[in-house]
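> If you scroll down you'll find the structure; I have some questions about it.
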Number of protein chains: 2
Amino acid sequence: MPIITFQPSKKTIDVPEGTELLDAARNTGIDIESPCGGKGTCGKCIVRITSGNVDSEQPGLLSESAVKRGYTLACKTKILDSPITVEIPEQSSKTGGQFIDETDDTCLVTKDLLPKDFQPDPLTVKLLLDVPYPQPEDGLSDLDRLTRSIQQELGKKEVAYPLPVIRQMAEALRKENENGKVTVTLAKTPGHFNVTNIEPGNQTTRHFGIAVDVGTTTVAVQLVSMPTGKVLATQTAYNDQIDCGLDVISRINYARRPNRLEELRTRVLKTINTLIDQLGDGNEVERDEIRNAVVAGNTTMIHLLLGLVPEYIRLEPYTPTLLETPFLKAEEIGINIHPQSMVYFAPAVGSYVGGDITSGLLCTDIASGSEEVNLFIDIGTNGELVIGNSDFLVTCACSAGPAFEGGGIDNGMRAALGAVDNVEIDGETGMPTVRTIGNVPAKGICGTGMISLLANLFLSGWLDAAGKLNREKKSPAIRTDGRQAHYIIVPAEESATGKPVTISEIDIENIIRAKAAIYSACALMLEQVGLGFDALSTIYIAGGFGRFLDIEKAIVIGLLPDLTRERYRYIGNSSLMGAYLVLVSGEKKRRQLELAGRMTYMELSTEPAYMDQYTGALFLPHTDIKRFPTLKDGPQNTQKDTEKKQD
Amino acid sequence: MPIITFQPSKKTIDVPEGTELLDAARNTGIDIESPCGGKGTCGKCIVRITSGNVDSEQPGLLSESAVKRGYTLACKTKILDSPITVEIPEQSSKTGGQFIDETDDTCLVTKDLLPKDFQPDPLTVKLLLDVPYPQPEDGLSDLDRLTRSIQQELGKKEVAYPLPVIRQMAEALRKENENGKVTVTLAKTPGHFNVTNIEPGNQTTRHFGIAVDVGTTTVAVQLVSMPTGKVLATQTAYNDQIDCGLDVISRINYARRPNRLEELRTRVLKTINTLIDQLGDGNEVERDEIRNAVVAGNTTMIHLLLGLVPEYIRLEPYTPTLLETPFLKAEEIGINIHPQSMVYFAPAVGSYVGGDITSGLLCTDIASGSEEVNLFIDIGTNGELVIGNSDFLVTCACSAGPAFEGGGIDNGMRAALGAVDNVEIDGETGMPTVRTIGNVPAKGICGTGMISLLANLFLSGWLDAAGKLNREKKSPAIRTDGRQAHYIIVPAEESATGKPVTISEIDIENIIRAKAAIYSACALMLEQVGLGFDALSTIYIAGGFGRFLDIEKAIVIGLLPDLTRERYRYIGNSSLMGAYLVLVSGEKKRRQLELAGRMTYMELSTEPAYMDQYTGALFLPHTDIKRFPTLKDGPQNTQKDTEKKQD
């Protein structure tokens, strides 16, 4: 009889072929919920097969990529005649993301951005060299022979070695049975080949890199196998700096007190290093095998990560210490990969348009050969916009706040397992039908969920244009508590936490402020370059809302301009994606520097017209309804229109 | 009445003008020895005037440079009508060198080696820059503006900044009242300008550097003011590695056990850092103000200092990890100067001819325009020889042991205060007349003293050619203890330690071995290049014997070949001097690399003829007396000859 091993408890059981996995688990004393009674509809019995084969039905609750990674419903899985190992997910995981293949979520377009026959051409390479053993009278030191071999392979650039590498040299070059074969890890930095490691023998196949996106609210790290360019996994977590302020300005203010800059630096490093550990552990990659890193982030985040005084980013004339960051050693930054690794930072354009944006642009066609004008919007805690074509690129920034990433919203959360990402509203009763990521009990609501919730409440008349819930037409989902009302998305008894998942009118106000900041920046920038929304060919929307941003709903709440839906393209976390592209491709790195050089920064915050635009946008969808022609006949009709379009 | 302050006790006294300083001290309760009764002949009342003027007679016991530095005999010094501060030397100083101007001792020829109108052109410079304040819309970061200013000043090379420097940037560039004036410390490394510090305002006058000579037995550090190139002070101490083996081979063997390499590294760093502290404290220079360093040392010493496996220096084909060391940061090496400073290492030629030799050559004319063949001999624990002219340079090495630096000799010591450096012998009684460095009670005997002692004992018939003391002709200075005899140089009651300063026949054997190693290497190398001693034009003798090596006596014991004395030039610690030259002069650095590239290394140890030569040289002066024609008629006559020549 096949043996089944359950992780992490290590319990085992022998069961006859054909037994249902859910039953096998229960027989072992492992309690897996199954409220739908094994019909495969509730999705609460998700487990992961980490070794061995099973016979499973996939009723469509899991993403294709999750299935590929071994996730399955225990109630729809039968044991075959072979031993298997089953991982029981810990439903209360705090950092989230473990059960969803976030690679899919965050890198929606990566595959299209590299040619089919792409060969990785990273900043840091592993070279297999044949270094002759020392010869009497040749007068060459170990370092001389190694340098000669490197230059024969790569050309006559200065070769630099840090002391720890020089210390490895004598033994690596004399290793028995290797005949002088050594693997050298080497970063191509300006003017130099920087050797960061030497190993005896051929170690070229194990070479890893990380792409890091340091957001104000969310940090994402991607583990990449350098020889193939394959993304092994992605992990995201909240930036541990959140406790010190929700947006960049409050972080900069926080940093003014003594030792606080160091605290902020330590906090974001902790977040990054925890993610690296998780990725490494999950993929059996040692931290010393990670030799390559590209970091993208807004200018403030990079200053805080490096411990640079951020104060002058906030003060006129808004001059940061650096825009292009020189290559720095992982060790000096404090990033826990191989200490000598050279870390590359995506170049920034200005104090409020950082390397996250130049990375994001790499994921678009915005500056390609065509004369068509395109718009790129990165919706994060800061919103950044770039408009342009092959001739010009103008960029600006606005402060949206962390609402869409779950920050500053009572039950807000990142787009991770258990996040509500879609809410349909019954027009009559005002009651919700909820979908969560991973189809597990809800833990909170992510940005996509908020947009869907607000749009559907508005369209069904349960929310007015000013963001107030309808208290007259009674709904069991709307509770009033003094002057404030809130909406119950998931009742306590159905949530993962035992508490209801709700949204308050204060939360709604925050979301409206966020969308107003983005929309008004968008409108004003177009005005400044003398173009209307109609002039735009493609609008790229980047941001970590969730798996899929519903553009239709984003227009309903007035986050995005009311344009033909075909013009929109949602590209997910393009900062991380761009960092990945730079990590694997020297050509993308050059392209990014070129784009950064071409961008003109426009300061909106000092523009008096910005406040007018912003105030006008503090309604659903906007005070000036003419700007939203498809919504002009009011919520009720629009809902029909929208539904028609969706058909 | 003028006030006199005594240091370090801080006692003060008012005395009438014209009072003798010795009396003034005694009146304050300070006990200064004066065995000669104030005649100015014993030299035991040496003190130093650190401020104020005095009226002093100099009976010639002190060197001119010591007098310049304020040293005087208390018994020959009268108080004038002005306050003075007097330092009472601590006679028992362990590291020594405090009272002698070692600058004079070790840098005998420095002044001749630089042109009169020399302007320092160091590897690391301090630049005063005018960096414009940030301007709205100029789109330049702090780093961009600084880089632009540096490149405008020095040319278009890549400018590199370590993270701690980037962290200083924002505040340094915005310092009130400085109008963007900043002082940048910058090292010119291959392919880069390496910025190692930024300070607001003009800080160019305070800029210091160190030249370091890491010898197997002795370490010397020199503190230099970079704007002027002036040597502020020199300190020497025994290499703390001595406890782990007296010569390079025993150190390499020591390093084979686990953690022993790290121990050796830590020990030599401790020695260097202690010397740096002493120099800094004595000259009111903060360690962070020292931004420039050049290190010279033999190949093994450099490997041990850097923590590099030295094993393959000892094993055929004798290949070290490095000959030319890349620039390294002080911080990564562990040298306690400004942590970001770039340290330059003098290039080595082979496993046994190191950067100490290429530095030493800079202090000679050996490879200059002329066709005359010259010889350079550096007599340290390892002896290294270079022969050549403008066409060729051949080099070899031999192991002499530490005897001439005081190592492995019972009462041996470095050439420091209290070291016996000359011993005259009474032919009749065999009794010595002793001179010590600083004319203070003897603590031990230095290399120069040993050579003088052995030569004079030999010339007066108290020592035979085999190195045995004459036991037949009784002398109170010769004591026999079992089979061993020893010679009492200074009796217990006259020494500084309360113990006699002696030399045993075992010590004498060690000295003879050392001189034999040097002489035979010299003879064999000349033979190998097909030249006789007569072909030599100038013979440069380098080494830390003492203030002045008596060439005459060195020939008598057979350390040096018997050539006209005019051909010899004693140049002291030329490794330290050469390091100093490279520290202050870019041209000398280039010259040194060129010399290193031109030198051909000859391995003597594998040469069977070497052992024959060596065995023949284990006598005073040599088994083959024909090689020493001026000594051919035996000791007694030679003494007369020598005396005649000296007249």
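Read the figures in this text as sums done on the coordinates, not as results from a lab. Keep in mind that what you see is a predicted model, and the values were worked out from it rather than measured. Positions of Cβ are backbone-derived with ideal geometry, glycine not excepted, and every protein chain shown enters the neighbour counts.
> Could you give the spread of the C-alpha atoms of the protein assembly as shown along their three principal axes, from largest to smallest, in whole angstroms?
131, 83, 57
> Which entries of A:156/B:188; B:188/B:515; A:76/A:116; B:156/B:588; A:76/A:443 have Cα-Cα distances beyond 31 Å here?
On the way: A:156/B:188 20 Å; B:188/B:515 42 Å; A:76/A:116 37 Å; B:156/B:588 24 Å; A:76/A:443 25 Å.
Correct reply: B:188/B:515; A:76/A:116.
> In which sequence would B:446, B:75 go, from the one with the fewest C-beta neighbours within 10 Å to the one with the most? Walk me through the intermediate numbers first.
Details: B:446 29, B:75 26.
Exposure proxy ranking, most exposed first: B:75, B:446.
> Related question: State whether the range B:470-530 is rounded, prolate or oblate according to the following rule on the C-alpha gyration tensor (a ≥ b ≥ c being the square roots of its eigenvalues): a/c under 1.5 gives rounded; otherwise a/b larger than b/c gives prolate, and the remaining case gives oblate. Walk me through the intermediate numbers first.
Working: a/c = 3.91, a/b = 2.32, b/c = 1.69.
It comes out prolate by the Cα gyration axes.
> Taking each residue of A:162-169 in turn, how many C-beta atoms of other protein chains fall within 10 Å of its C-beta, and what is the average? Spell out each step's value before the answer.
Numbers: counts 4, 11, 2, 0, 9, 7, 3, 4.
For peptide A:162-169, the averaged partner shielding equals 5.
> Now, a different point. Stick to the Cα atoms of chain A, pair each with every other, and give me the Kirkwood hydrodynamic radius in Å at one decimal. Provide the component values of the computation, followed by the final result.
On the way: mean 1/r = 0.0377 Å⁻¹.
Its Kirkwood hydrodynamic radius stands at 26.5 Å.
> Can you tell me the orientation of helix B:447-459 relative to chain B, as the angle in degrees between its alpha-carbon axis and the longest Cα principal axis, to the nearest 10?
Roughly 20 degrees between the two axes.
> Per residue of the range A:73-85, in order, report the coupling 6.51 cos²θ - 1.76 cosθ + 1.60 (Karplus, θ = phi - 60°) as ³J(HN,Hα) in whole Hz, putting x for Gly and Pro.
Coupling constants for the range A:73-85: 8, 4, 6, 10, 10, 10, 6, 9, 7, 8, x, 9, 10 Hz.
> Show which lysines lie in cross-link reach of residue B:181 when reach means a straight Cα distance below 17 angstrom and same-chain residues fewer than eight apart are skipped.
Counting by Cα, and skipping residues close in sequence, residue B:181 has these lysines nearby: B:126.
> Something else about it: Evaluate peptide B:133-144: per residue, the Cβ atoms of other protein chains within 10 Å of its Cβ; return the mean as an integer. Before the final figure, lay out the partial values.
Values: counts 2, 7, 2, 6, 6, 2, 8, 3, 12, 8, 8, 6.
For this peptide, the per-residue mean of nearby foreign Cβ atoms is 6.
> Could you state the number of Å between the C-alpha centres of the range A:479-526 and the range B:393-440?
Using only Cα atoms to place each centre, the spacing works out to 90 Å.
> Further question: Tell me, what is the FRET efficiency for residue A:137 and residue B:118 to the nearest 0.05, using R0 = 22 angstrom and their Cβ-Cβ distance as r? Could you put the intermediate results ahead of the total?
Details: r = 39 Å, r/R0 = 1.77.
The computed FRET efficiency comes out at 0.05.
> Treating cross-link reach as a plain straight distance, find the aspartates and glutamates whose alpha-carbon is under 16 Å from the alpha-carbon of residue B:474, omitting any fewer than eight places away in the same chain.
B:426, B:428, B:464
> Nearest 20 debye, what's the magnitude of the dipole of the protein assembly as shown about its Cα centre given +1 on Lys and Arg Cβ and -1 on Asp and Glu Cβ? Let's see the in-between values first.
On the way: 128 positive and 168 negative charges, 147 e Å.
Roughly 700 debye, rounded to the nearest 20.
> Follow-up. Mind listing which chymotrypsin sites (Phe, Trp or Tyr not before Pro) in the range B:206-258 are in a DSSP loop and have 12 or fewer other Cβ atoms within 10 Å?
On the way: sites: B:208, B:238, B:254; in loops: none.
Here no chymotrypsin sites (Phe, Trp or Tyr not before Pro) fit, given the DSSP loop and packing criteria.
> Ok, one more. State, to one decimal in nm, how far the label point of residue A:533 lies from the label point of residue A:470, with both points 7 Å from Cα in the Cβ direction.
2.5
> Using a label point 7 Å beyond Cα on the Cα-Cβ vector, give me the inter-copy distances for residue B:368 in nanometres, one decimal, shortest first.
Sorted ascending, the copy-to-copy spacings read 7.0 nm.
> If I take R0 = 60 Å and measure r between the Cβ atoms of residue B:587 and residue A:563 in this structure, what FRET efficiency does the formula 1/(1 + (r/R0)^6) give, to the nearest 0.05? Before the final figure, lay out the partial values.
On the way: r = 69 Å, r/R0 = 1.15.
E(calc), rounded to 0.05, equals 0.30.
> Related question: Can you list the distances in nanometres, one decimal and ascending, from the residue B:151 label point to the identical position in each other copy, with the point 7 Å along Cα to Cβ?
The answer, with the shortest distance listed first, is 2.6 nm.
> Still on this structure, I have one more. Suppose every Lys and Arg Cβ carries +1 and every Asp and Glu Cβ carries -1, with no other charges. What dipole size does chain A come out with about its Cα centre, to the nearest 20 debye?
Dipole of chain A, to the nearest 20 debye: 460 debye.
> Another question, then. Can you give the Kirkwood hydrodynamic radius for the range B:303-419, in Å, rounded to one decimal and based on Cα pairs? Before the final figure, lay out the partial values.
Details: mean 1/r = 0.0605 Å⁻¹.
So the Kirkwood estimate lands at 16.5 Å.
> Counting just the Cα atoms, what span does the range A:230-375 cover along each of its three principal axes? Round to the nearest Å and put the largest first.
On the principal axes, the range A:230-375 reaches 48, 44, 26 Å in Cα extent.
> What would the Debye formula give as log10 I(q)/I(0) at q = 0.16, 0.20, 0.26, 0.29 Å⁻¹ for the alpha-carbon point model of the range B:267-330, no solvent?
The computed values of log10 I(q)/I(0) come out as -0.64, -0.87, -1.18, -1.31.
> What does the copy distance list look like for residue A:548, label position 7 Å along Cα→Cβ, in nm and ordered from shortest?
Label point to label point, same position, other copies: 9.8 nm.
> Sticking with this structure for a sec: For the rotation taking B to A, I'd like to know which residue in chain B has the C-beta closest to the axis, plus that distance in Å.
Output: B:191, 2.
> Which whole number in µm²/s is D for the range B:208-269 by Stokes-Einstein, with the Kirkwood Rh taken over Cα pairs at 37 °C and 0.692 mPa s? The partial results should precede the final answer.
Numbers: Rh = 12.8 Å.
In µm²/s, the coefficient rounds to 256.
> For peptide A:313-323, compute the average count of partner chain beta-carbon atoms within 10 Å of each residue's beta-carbon. Let's see the in-between values first.
Values: counts 1, 0, 2, 2, 6, 3, 14, 7, 12, 9, 6.
Taking all residues of A:313-323 together, the mean is 6.
> Identify the residues of the range B:503-523 with backbone N under 11 Å of a label point that sits 7 angstrom from the Cα of residue B:410 along the Cα-to-Cβ direction, or state none.
Counting backbone N atoms under 11 Å from the label point, the list is B:503-508.
> Further question: Equivalent-ellipsoid semi-axes (√(5λ), Cα gyration tensor) for the range B:361-484, whole Å, largest first? Kindly include the intermediate steps, with their values, before the conclusion.
On the way: eigenvalues 248, 57, 41 Å².
Computed over the range B:361-484, the values are 35, 17, 14 Å.
> Can you give the extra length, in nm with one decimal, that the chain gains between residue B:20 and residue B:7 once fully stretched, where that is 0.36 nm per residue apart less the Cα-Cα distance? The partial results should precede the final answer.
Numbers: separation 13, 0.36 × 13 = 4.68 nm, distance 1.73 nm.
Full-extension gain reported as 2.9 nm.
> Can you compute the modelled spin-label distance between residue B:80 and residue A:156, with each label point 7 Å from Cα toward Cβ, in nm?
With each label point 7 Å from Cα toward Cβ, the separation is 6.4 nm.
> Still on this model: Positive end of the dipole of the range B:273-341, charges at C-beta (+1 Lys, Arg; -1 Asp, Glu), about the Cα centre: which of B:292, B:320, B:276 has its Cα farthest in that direction?
Towards the positive end, the residue furthest out is B:320.
> Another question about this same structure. Roughly how big is the range B:438-528's charge dipole about its Cα centre, with Cβ charges of +1 (Lys, Arg) and -1 (Asp, Glu), in debye to the nearest 20? Intermediate values should be presented prior to the final figure.
On the way: 10 positive and 9 negative charges, 30 e Å.
Roughly 140 debye for the range B:438-528.
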